[in-house]
Amino acid sequence: MLNPALGIISRYRDRLPVTDKTPVVTLGEGATPLIRADRLAEYAGLPADSVYLKFEGSNPTGSFKDRGMAVAVSKALEEGARGVLCASTGNTAASAAAYAARAGLRCMVFLPKGGVALGKLAQALMHGAKIKEVKGSFDKALIAAFAEAKKSGFVAVNSSNPYRIEGQKTAAFEISEVLGRMPDYQFMPVGNAGNITAYWKGYRELKGSKPKMMGFQAAGAAPIVLGNPIPNPRTVASAIRIGNPYSWQAALRARDESNGVIAAVTDREILNAWRLLARLEGVFCEPSSAAGVAGLLKSGKKGHLSGKIVCILTGHGLKDPDTPLKIFKS
Ligand code: AN7
């Protein structure tokens, strides 16, 4: 195996849209741990050696976005872009800012004002991104970002950018390599729905029996579950506070082709799963990342799960230091 520190482009070059001419911009993303979670499995009423946590918080900027950004920024550099831009609930901005800095590109980020966790804002500032705060939700910021991309010629590196999806699909390859096959179920949060789209693309490119894709939105920000956009999405899980996901149709395809589910979990269920991960397994993810685990705990109780189950923990707990302090004050 190639040195994992070389990043996903070196490891999966033959399965990514790069050539010898593509300048590889990497921070050593990917090769994140797949952590066996027996105590969580027991809590969910499932057997030992059935539940695994893919801890994407171990990526260089602390979220899964780095996989997609490595490819998107490398391609932007190859294509001679002046800069990159994105709208973001925080993690995309942090990742874009870091990879743009490394590539010597300018970076502009459109953020929902007051809606981004502290650590993510600190990252975007630290890496020198130009920050535009937009009144309203992520969905408004995305419209502003697309308008600016048209005007400025900066490349949009939201998950509308197909290279983002290509990079993110590599997590499906890693899980399958470690388990020796694809899992039976995959539980994960759904926001703008790029990641569920990317995983499903990755699994589709592999031969064998594929997982059921189990996506979870926060109940106050669950447009896909309700079947219509939400003008004012609300949830404690700021990363997935999204009312009109870009990859809506692709997420429905992933759900339907895999015989999976996209459902909602309440903030209470998210926070409970988030705390359980920290206290039963020693794994600190951000609140949004726990939405898939909240879904697992609900489904586990119904008793029809079996086989290997992977939960995607999309971002690191240190991204959002305010939420534990607010919730566990005493
Ligand atoms: C920790 O950074 O949309 O369903 O702008 O940061 O692929 O959107 C973040 C999303 C899950 C949802 N977990 O993934 C952004 C942004 C974390 C996240 C999601 C996000 P998608």
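The values are calculated or read from the model by the stated rules, or taken from the named source; none is laboratory data. Please read all numbers here as calculations on a predicted model, not as lab measurements. Glycine gets a Cβ as well: all are built from the backbone with ideal geometry, and neighbour counts include every protein chain shown. The accessibility values were calculated without ligands, DNA or RNA, using every heavy atom of the protein model including side chains. Shrake-Rupley method; radii C 1.70, N 1.55, O 1.52, S 1.80 Å.
So the values come out like this:
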{"read-out": "For residue 206, residues with placed amide H under 5 Å, excluding near neighbours", "value": "none"}
{"read-out": "Proximal lysines to residue 132, defined as alpha-carbon separation beneath 28 angstrom and excluding residues fewer than eight positions away on the same chain", "value": "65, 75, 113, 120, 140, 150, 151, 319, 326"}
{"read-out": "Theoretical ellipticity at 222 nm over the chain - DSSP helices of four or more residues, -39500 (n - 2.57) apiece, nearest 500", "value": "-12000 deg cm²/dmol"}
{"read-out": "Cα-based Rg / Dmax (Å) for region 220-262", "value": "10.8, 31"}
{"read-out": "Accessible solvent surface per residue of the chain, calculated while the other protein chains remain in place, 1.4 angstrom probe, Å²", "value": "40 Å²"}
{"read-out": "Most to least accessible of 262, 131 (protein chains only, probe 1.4 Å)", "value": "131, 262"}
{"read-out": "Mean projected area in nm² (Cα convex hull; one quarter of hull surface) for region 13-146", "value": "10.2 nm²"}
{"read-out": "Directionally averaged projected area (convex hull, Cα atoms, the chain), nm²", "value": "15.5 nm²"}
{"read-out": "Global form of region 98-211, assessed from the alpha-carbon gyration tensor, a/c cut-off 1.5", "value": "prolate"}
{"read-out": "Distribution of pairwise C-alpha distances over region 183-253, 10 Å bins, in %", "value": "22, 49, 23, 6, 0"}
{"read-out": "Dipole-positive endmost among 5, 122, 22 within region 1-149 (Cβ charges, Cα centre)", "value": "122"}
{"read-out": "Charge dipole magnitude, Cβ of K and R +1, D and E -1 - region 114-229, Cα centre, debye nearest 20", "value": "240 debye"}
{"read-out": "Size of electric dipole in the chain: Cβ of Lys, Arg +1 and of Asp, Glu -1, about Cα centre, debye, nearest 20", "value": "520 debye"}
{"read-out": "Largest to smallest accessible area among 79, 29 [probe 1.4 Å]", "value": "79, 29"}
{"read-out": "Amide hydrogen neighbours beyond the local backbone of residue 134, cut-off 5 Å, H modeled", "value": "111, 113"}
{"read-out": "Residue 316 - accessible surface, heavy atoms, 1.4 Å probe, Å² rounded to 10", "value": "50 Å²"}
{"read-out": "Rounded to whole Hz, the Karplus (6.51, -1.76, 1.60) HN-Hα couplings of region 110-116, x for glycine and proline", "value": "9, 10, x, 4, x, x, 10"}
{"read-out": "Prolate/oblate/rounded call for region 232-330, Cα gyration tensor, a/c under 1.5 rounded", "value": "oblate"}
{"read-out": "Residues whose placed amide H lies under 5 Å from that of residue 107, excluding near-sequence neighbours", "value": "84, 130"}
